[in-house]
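This report concerns only the one structure given below.
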Amino acid sequence: MRLSAEAPAKINRELRVGRLRSDGFHEVHSRMISIDLADRLTVENAESLRFSCDDPAVPAGEENVVVRAARLLASAAGISPKAAVRLEKRTPMGGGLGGGSADAAVALRLLAELWDCRPEVRASLPTLAAEIGSDVPFFLWGGQADVTGRGEIVRPVDDAPAQPLLLLVPPFTISTAAVYRAFAGRGRLPERLTVQNSEHTGFLGPNDLTAAVLQVEPRMEAYLASAARVSEERAVSGSGSTIVLAAPPEARIELARRHPEARIFACTTLTRDAYRLRTNPNGGSS
C-alpha cells in the first residue's frame with residue numbers, strides 16, 4: 001500500500017512570548033494559521049525504515065524529524081518501523097513556517113494508517129507530536145488555532161476568511177534556539193491577543209521575537225524595510241527568517257526588484273476543512 005498527502009506550512013498571525021520555564025522553554029501565546037504552501041509525503045510498505053528527500057539539504061539520518069516521528073510511533077504501537085518515506089520539499093527550511101513540524105505531523109498520520117495502528121495509539125498522536133517538537137501538535141489540527149504552553153497546547157478557533165499573502169524569504173536561515181536565547185523580554189503574556197480584539201482590523205498582530213531576530217541576524221533589517229515600503233501589514237513569522245506581507249500581488253514585482261536573491265511566494269490561508277482534505281491519507285492512497 002502507498003499513501004500520500006500534503007504537509008501545508010503555517011504562519012504566525014501573532015506571537016507573544018513570556019517567561020522562561022524551568023524546562024528551558026518559554027511560555028508562548030500565538031495565533032497560527034495554515035497556508036497552501038506545502039511539502040508532500042509519500043509512505044509505503046518496506047522491509048525497514050528508509051527516508052529520502054528531493055532536497056539534499058534535508059538531513060536523512062536520525063536527526064530528521066520525520067524519521068523520529070516514525071520511530072516514536074512504531075515504539076508506541078509495539079511494532080518495528082518498516083516503511084519507505086519520501087519527502088518532496090517545497091517549504092523553505094529555517095524560515096519560521098513550520099515545514100519540518102508539518103512533515104512530522106503528517107508522517108504520524110500517514111504511518112498510523114499504513115501500519116493500521118490501534119485506536120489508542122492513534123489517540124496518542126498529540127502526545128507523540130509534542131515529544132517531537134513544540135509546533136508539531138498544531139499540524140494535527142491545521143486551520144486556525146491559538147497555541148499556548150511551549151506551543152504544544154492547541155485550541156482550534158473559527159476559520160478566518162481566506163487571506164492572500166506574500167512570503168519574502170531571505171537566502172539564509174535563522175536558528176530558533178539562537179533567537180530565543182537572544183530574547184530579552186520576561187514579562188507576563190497578555191490575556192488576549194491583539195488579533196482577538198474586535199477593534200483590530202488588520203490581519204497580523206505583533207511578534208515579540210522581532211527584536212531578537214534582528215539581533216541574531218542584522219541582515220533582516222533591510223528585508224523588513226523593503227516589506228514596509230510595499231505593505232502596511234508585515235511581520236516576521238515565528239523566529240524568522242520569513243517575512244509575511246498582507247499585500248497585493250503586484251507588490252511581488254517590487255520585492256523581486258529590490259531582492260533578486262530572495263525567494264517570494266504567493267500563498268493563501270487555509271480553512272480547517274481545506275487543511276484536512278490536503279492532509280488526509282485516504283485522499284492520496286493507491
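The values are calculated or read from the model by the stated rules, or taken from the named source; none is laboratory data. Quantities reported herein were computed from a predicted structural model and do not represent experimental measurements. Counting neighbours? That spans all protein chains shown, and the Cβs are built from the backbone with ideal geometry, glycine included. The accessibility values were calculated without ligands, DNA or RNA, using every heavy atom of the protein model including side chains. Shrake-Rupley method; radii C 1.70, N 1.55, O 1.52, S 1.80 Å.
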### Query
Percent of alpha carbon pairs in the chain separated by more than 27 Å?
39 percent
### Task
Would you mind classifying the stretch 174-238 by shape? Square roots of the alpha carbon gyration tensor eigenvalues, ordered a ≥ b ≥ c; an a/c under 1.5 is rounded, otherwise it is prolate if a/b is larger than b/c and oblate if not.
oblate
### Task
Considering the convex hull of the alpha carbon atoms of the stretch 1-85, report its projected area averaged over all viewing directions, in nm², one decimal.
8.0 nm²
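Sorted by accessible area with a 1.4 angstrom probe, largest first, how do Asp54, Asp39, Asp273 fall?
On the way: Asp54 65, Asp39 0, Asp273 105 Å².
If we order Asp54, Asp39, Asp273 from most to least accessible, we get Asp273, Asp54, Asp39.
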### Task
Starting from the stretch 192-286, pick out the trypsin sites (Lys or Arg not before Pro) whose DSSP state is loop and whose Cβ has at most 15 other Cβ atoms within 10 Å.
Arg192, Arg219
## Note on the structure
Note on the chain: contact order normalised by length, alpha-carbon pairs under 8 Å, 6 or more apart, percent, works out to 27 percent
### Query
Taking the Cα atoms only, what angle lies between the long axis of helix 65-77 and the longest principal axis of the chain, rounded to 10 degrees?
40 degrees
### Summary
For the stretch 9-161, dividing by residue count, accessible area per residue (probe 1.4 Å) in Å² works out to 39 Å²
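Test of the criteria: in the stretch 145-188, which chymotrypsin sites (Phe, Trp or Tyr not before Pro) are in a DSSP loop and have at most 15 other Cβ atoms within 10 angstrom of their Cβ? Don't jump to the answer; show the numbers that get you there.
Working: sites: Phe172, Tyr180, Phe183; in loops: Phe172, Phe183.
Listed in order of number, the matching sites are Phe172.
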### Task
Would you work out the charge dipole size for the stretch 58-167 about its Cα centre, treating the Cβ of every Lys and Arg as +1 and the Cβ of every Asp and Glu as -1, and quote it to the nearest 20 debye?
280 debye
### Message
Just to confirm the number: angle between the C-alpha axis of helix 220-230 and the first principal axis of the chain, 0 to 90 degrees, nearest 10?
### Response
70 degrees
#### Entry: Accessible surface of the chain [probe 1.4 Å, protein heavy atoms]: carbon and sulfur percent
49 percent
### Query
Along the charge dipole of the chain, which of Leu270, Pro161, Ala182 sits closest to the positive end, that is, farthest toward it, with unit charges on the beta carbon of Lys, Arg, Asp and Glu (+1, +1, -1, -1)?
Ala182
### Message
For a Förster distance of 30 Å, can you work out the FRET efficiency between the beta-carbons of Arg155 and Arg181, rounded to the nearest 0.05?
### Response
0.60
### Task
Above 20 angstrom, tally the Cα pairs of the stretch 1-149 and express them as a % of all pairs, no decimals.
47 percent
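Would you calculate a helix-derived [θ] at 222 nm for the chain, using -39,500 (n - 2.57) for each DSSP H run of n ≥ 4 and dividing by the full residue count, to the nearest 500? All intermediate terms of the calculation are to be shown ahead of the outcome.
Details: 10 runs with 87 residues, N = 286.
That calculation yields -8500 deg cm²/dmol at 222 nm.
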### GluC sites (Glu not before Pro) restricted to the stretch 40-98 and DSSP loop, no more than 10 other C-beta within 10 Å
Glu47, Glu62, Glu63
### Task
For the stretch 24-110, give the share of DSSP beta bridges that are antiparallel, in percent and rounded to the nearest 5; count only bridges with both residues there.
50 percent
### Charge dipole (debye, nearest 20) of the chain; +1 at Cβ of Lys and Arg, -1 at Cβ of Asp and Glu
220 debye
### Task
Would you work out if the stretch 170-286 is rounded, prolate or oblate? Take a ≥ b ≥ c from the square roots of the eigenvalues of the alpha-carbon gyration tensor; rounded if a/c is under 1.5, else prolate when a/b is larger than b/c, oblate otherwise.
rounded
### Query
Just the accessible area for Met93, please: 1.4 Å probe, Å², rounded to the nearest 10?
80 Å²
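Compare Trp141, Trp115 by solvent-accessible area with a 1.4 Å probe and give them largest first, with all protein chains kept in place.
Trp141, Trp115
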### Query
Mind listing P(r) for the stretch 81-214? All alpha-carbon pairs, 5 Å bins, whole percents.
2, 8, 14, 18, 20, 17, 11, 6, 4, 1, 0
### For the stretch 122-253: relative contact order, % (alpha-carbon pairs under 8 angstrom, 6 or more apart)
24 percent
